[in-house]
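Chemist: Below are the structure tokens for one structure; questions will follow.
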Amino acid sequence: MSTDPYPSSEADSESKSAKKSTARSLLQRFKTFIGQNEPEDREDIQEILCAAHDREILDDDSYTMILGSISVTEKNVSDIMVPRSRMDMLDASLSVQELLPIIIDTAHSRFPVYENERDNIIGILLAKDLLRFFNDPELKIRNLIRPAYFVPETKKLNQLLRDFKENRNHLAIAIDEYGSITGLITMEDVLEQIVGDIEDEYDEEAEQTIFPESENAWRVMAITDISDFNQTIHSHIPEDDYDTIGGWLAAELDHIPQRGDTHDYENLRFRVLRADARRALWLHVRRSTSSAVTNKDN
């Protein structure tokens, strides 16, 4: 019987030491590998990384993140920003009560606020600041907005990420050389270039991706497999060319889906509820009543 009162602590210490040793070993192997293949330019670095990955010196996650870190030094804000035409913005002339449906529907945590015209952004509203509204229903949106952070659309992503960290901002408004609004970009957008897609509290990871609202209406995640969609809603969307309902809808629309886009297919109407600069996120699907009655009779 062991007399050591802290056996688990020793085990943890040994485990940490082993992990550090493995990390050092990996780093030493990678340094040695680079030393044998002196890079002369960025393409050489990428080839070395690829070779190191192929030889399992770098695992998949490390390889992807290193390449992502390199890519942010090459890309500008304009390469990944949400364009002005797709920005969800709030009108400062409206009351908080009037703006709440927009805020709830889009489910963003931050909104640019404009006055008179969309090019005149006067600040940023944080959705969490609306909690004050419940204590003071007469509160004006102007009392809640914070200063907006403007950046040139030509700014490099690595520079923007450093600014985000130093200034504690999470959203920037992109402008062109004439000072006109061209889009917006968030810290999450930049980080996703390094680590891949980041799921937030609205990106539900549960197996359920189709949520019934009534007998003939559903709220659907765009990542839903077409086969699951067809089985649940009893539809006949082709499954040969696309895997997800969002991918199929983008092809049907012939452009990246935008919030508010609608599309009719057979007896179903699709409406995009949420989307980002790259894809649809949430859809609303409704079956026409007449078709539903016919199907029920059959």
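Chemist: Could you grab the pairs with beta carbons closer than 8 Å, sequence gap of 6+ or different chains, first residue in the range 141-161 and closer than 10 Å to residue 124 by Cβ, second one assigned to a loop (DSSP other than H, G, I, E, B)?
Modeler: 145/92; 149/169
Chemist: Now a separate question. Please indicate, with yes or no, whether at least one residue in the range 226-240 is of a type in the set (S, T, N, Q), at pLDDT below 90, crowded, with 16+ Cβ neighbours inside 10 Å and not in a strand (DSSP E or B). Reasoning before the result, please.
Modeler: As a first pass, look at the range 226-240 and keep what is of a type in the set (S, T, N, Q): 227, 230-232, 235.
Now narrow it down to the ones that are at pLDDT below 90: none.
Within the range 226-240 (the criterion being of a type in the set (S, T, N, Q), at pLDDT below 90, crowded, with 16+ Cβ neighbours inside 10 Å and not in a strand (DSSP E or B)), the answer is no, since none of the residues qualifies.
Chemist: Hey, another quick one. Kindly list, by first and then second residue, each pair from a residue in the range 225-237 that is under 17 Å from residue 282 (Cβ atoms) to a residue that is at pLDDT below 90 and open to solvent by 70 Å² or more (accessible area, probe 1.4 Å), limited to pairs with Cβ atoms under 8 Å and residues at least 6 apart or on different chains.
Modeler: Short answer, once both residue conditions are applied: 225/243; 226/239; 226/242; 226/243.
Chemist: Scan the range 146-162 for residues that are acidic (Asp, Glu) and over 20 Å from the mean Cα position of the chain (by Cα) and report the count.
Modeler: Start the filter on the range 146-162 by keeping residues that are acidic (Asp, Glu), which leaves 153.
Next, from what is left, pick out any that are over 20 Å from the mean Cα position of the chain (by Cα): none.
Result for the range 146-162: 0.
Chemist: Let me ask something else. Examine the range 15-23 for a residue that is loosely packed, with under 14 Cβ neighbours inside 10 Å and at pLDDT 60 or above, and state whether such a residue exists.
Modeler: Taking the range 15-23 and keeping what is loosely packed, with under 14 Cβ neighbours inside 10 Å, we get 15-23.
Pick out the ones that are also at pLDDT 60 or above and you get none.
No, there is no match, as no residue in the range 15-23 is loosely packed, with under 14 Cβ neighbours inside 10 Å and at pLDDT 60 or above.
Chemist: Considering only residues that are touching a helix residue (DSSP H, G or I) at 6+ places or on another chain (Cβ under 9 Å) and among the β-branched types (Val, Ile, Thr), which ones fall in the range 105-147?
Modeler: Passing the criteria: 113, 122, 141, 145.
Chemist: So which residues in the range 127-155 are farther than 26 Å from residue 84 by Cβ, open to solvent by 30 Å² or more (accessible area, probe 1.4 Å) and aliphatic (A, V, I, L, M)?
Modeler: If the condition is that a residue be farther than 26 Å from residue 84 by Cβ, open to solvent by 30 Å² or more (accessible area, probe 1.4 Å) and aliphatic (A, V, I, L, M), then 131 is the only one that fits.
Chemist: Let me ask another. Looking at (1) exposed (fewer than 14 other Cβ atoms within 10 Å of the Cβ); (2) at positive phi, which one does residue 117 not meet, given that it meets all the others?
Modeler: The one condition residue 117 does not meet is (2).
The values are calculated or read from the model by the stated rules, or taken from the named source; none is laboratory data. Just so we're clear, the structure is a prediction, and the values are computed from it rather than from any experiment. In this analysis, Cβ positions are derived from the backbone assuming ideal geometry, glycine residues included, and neighbour counts consider all displayed protein chains. The protein model used for the area step is the full one, side chains on, heavy atoms only, and it has no ligands, DNA or RNA in it. Shrake-Rupley method; radii C 1.70, N 1.55, O 1.52, S 1.80 Å.
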